[in-house]
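This report concerns only the one structure given below.
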Amino acid sequence: MISTFVFSILSLYYFSLGLLPFIPKYRLMSIKLFLISLFTVPTGSFLVKFYFINQVYAWYFYLFGTTLVYFFQILKNKKINRFAANSTIGFVLFLVLSLIYTGLVNNKDAIHILIDLKTALLILFGIIISVQYKGMLNDFFENKMWKRALLFNFLLDSLFFFLNYSFSISYILTNDEHYLINNVARYADLSLPFLVLYIMYKYTKSQSYKLSELIYVILPIIYSGNRTLLMAVVLIFILYIFRLRITKMIYYGVAIVVVLTLVGYAVLVAENDSILGRTKILYKPDEVFKKISKRYEPFMLEVETWENPMYWIFGKGIGQSFYIPWFEYRKNISNYNPYLDNIYLSLYVKMGLLSLMVYFFLLLYFNYLSNNTTYVTILMLYLLFMGITTAFVYQSYFFIFLLSPILFFRVSK
């Protein structure tokens, strides 16, 4: 099939990029091309069969390649980074203890156990890459390659959004009734976390935006139709204003008020099934509450069955899945999902009160790698806010956030 062929070509491409650091002069080129490829290669949900097979994304092969290079360097230099070593030991202990507890508590679907372990393994891969490339791309958002990629991504996202809006290519390519029932033209891919990080970069540097930059950044975010993401970006921009000098603060403040007023009016007059119409719900707190409550229904269905008090403290172990009632009509996916549209409830069911350690670890991780406390604060607030409606650690884009402190900002020693 053509999808398998495309997946194979992408996998070979990413694996080759991962092996490039074997030649020292191509080391920096390797990570730059990897990041730019993640940013610009189309990865919309309706294209998933071209880049995702058997729980493996094509870009994972870069991780395999660069990890081989890392272990080769360890053998050659006969030394290992302490942070990477401690993280590896921690991962192995987590793996062993989690599997023992999961086996004692209940039998789980093997695929869901592997998905949970894959999430932890990706964090370890992130650490390995961070150790190799820390501090080498502090100017990533300043160089010409990024500027050109920003324009290219905007044009590409606009094209796919237009095709989805005009011809419903989501349904044509997938035959998934989900795209008919939720008849809203949307397009989102792995470029979104890069755009959010660029906004954070501007925020931490208190840099001004060009009008073209705002267009290239904001429109793809609007195309996504992600209401939580839109709210988070608006909040970051509001905080951004208060970091500017008084003259710029007034200028940008007036501009944002005008833009929000115009957008607010456009939302009110938009059709309910349009991308702007989706945000009408934000004007109705009771509707927001109903929508969120429905998303959390699988959690309530799960905990209602808990008879063992130990579950409330330690959870039900990795591999625990959730029955999603509204997946019944979707023929191409299972009715059981390894996570909910909420990171806190998802991890609580699996790990109980110990799930708090995940957020604490992320804070330690970002603080260890970055000496920019403003960036660490805004990133953690963003992730915790997004966690209300998404299980971000299970999303493919989370890996990009793991790399962000050492690739885009100066790091501590």
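The values are calculated or read from the model by the stated rules, or taken from the named source; none is laboratory data. Note that the structure is a prediction, hence the values are computed from the model and not measured. Virtual Cβ from ideal backbone geometry, glycine too; neighbours counted across all protein chains shown.
Hey, does region 220-228 have a residue that's assigned to a helix (DSSP H, G or I), closer than 24 Å to residue 57 by Cβ and of a type in the set (A, V, I, L, M, F, W, C)? Yes, because at least one residue in region 220-228 is assigned to a helix (DSSP H, G or I), closer than 24 Å to residue 57 by Cβ and of a type in the set (A, V, I, L, M, F, W, C). The residue list 122, 97, 93 contains one member that is in contact with a helix residue (DSSP H, G or I) (Cβ under 6 Å, 6 or more places away or on another chain) and modelled with pLDDT of 80 or more, which is 122.
Of all the residues that make up region 184-226, how many are aliphatic (A, V, I, L, M) and either without any contact (Cβ under 8 Å) to a residue 60 or more places away in the chain or surrounded by fewer than 19 Cβ atoms within 10 Å (Cβ to Cβ) (or both)?
10
Tell me, yes or no, whether region 341-349 has at least one residue that is part of a loop (DSSP other than H, G, I, E, B), more than 23 Å from residue 125 (Cβ to Cβ), under 20 Å from the mean Cα position of the chain (by Cα) and touching a residue at least 24 places away in the same chain (Cβ under 8 Å). Checked against the condition, which is being part of a loop (DSSP other than H, G, I, E, B), more than 23 Å from residue 125 (Cβ to Cβ), under 20 Å from the mean Cα position of the chain (by Cα) and touching a residue at least 24 places away in the same chain (Cβ under 8 Å), region 341-349 yields at least one hit. Of all residues in region 64-83, none are under 21 Å from residue 339 (Cα atoms) and among the β-branched types (Val, Ile, Thr).
Listed here are the residues, each with its yes/no results for (1) of a type in the set (Asp, Glu); (2) at pLDDT below 70; (3) surrounded by 13 or more Cβ atoms within 10 Å (Cβ to Cβ).
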position	(1), (2), (3)
270	no, yes, yes
321	no, no, yes
325	no, no, no
328	yes, yes, no
345	no, no, yes
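Within the option set 32, 25, 49, 76, being part of a helix (DSSP H, G or I), surrounded by 18 or more Cβ atoms within 10 Å (Cβ to Cβ) and of a type in the set (Lys, Arg) holds for one residue only, 32. Kindly indicate whether residue 12 is over 21 Å from the mean Cα position of the chain (by Cα) and at negative phi. Answer is yes for this residue. Taken over region 52-73, the criterion of being free of Cβ contacts under 8 Å to residues at least 60 places away in the same chain and either touching a strand residue (DSSP E or B) at 6+ places or on another chain (Cβ under 7 Å) or in a helix (DSSP H, G or I) (or both) is satisfied by 60, 61, 62, 64, 65, 68, 71, 72, 73. Take the residues in region 48-63 that are closer than 16 Å to residue 33 by Cβ and not hydroxyl-bearing (Ser, Thr, Tyr), then tell me which one is nearest to the chain's Cα centre (by Cα). The extreme case among them is 59.
Residues in region 86-101 that are without any contact (Cβ under 8 Å) to a residue 40 or more places away in the chain and surrounded by 13 or more Cβ atoms within 10 Å (Cβ to Cβ): 5 in all. Within region 118-152, being of a type outside the set (A, V, I, L, M), more than 30 Å from residue 87 (Cβ to Cβ) and touching a Phe, Trp or Tyr at 6+ places or on another chain (Cβ under 6 Å) holds for no residue.
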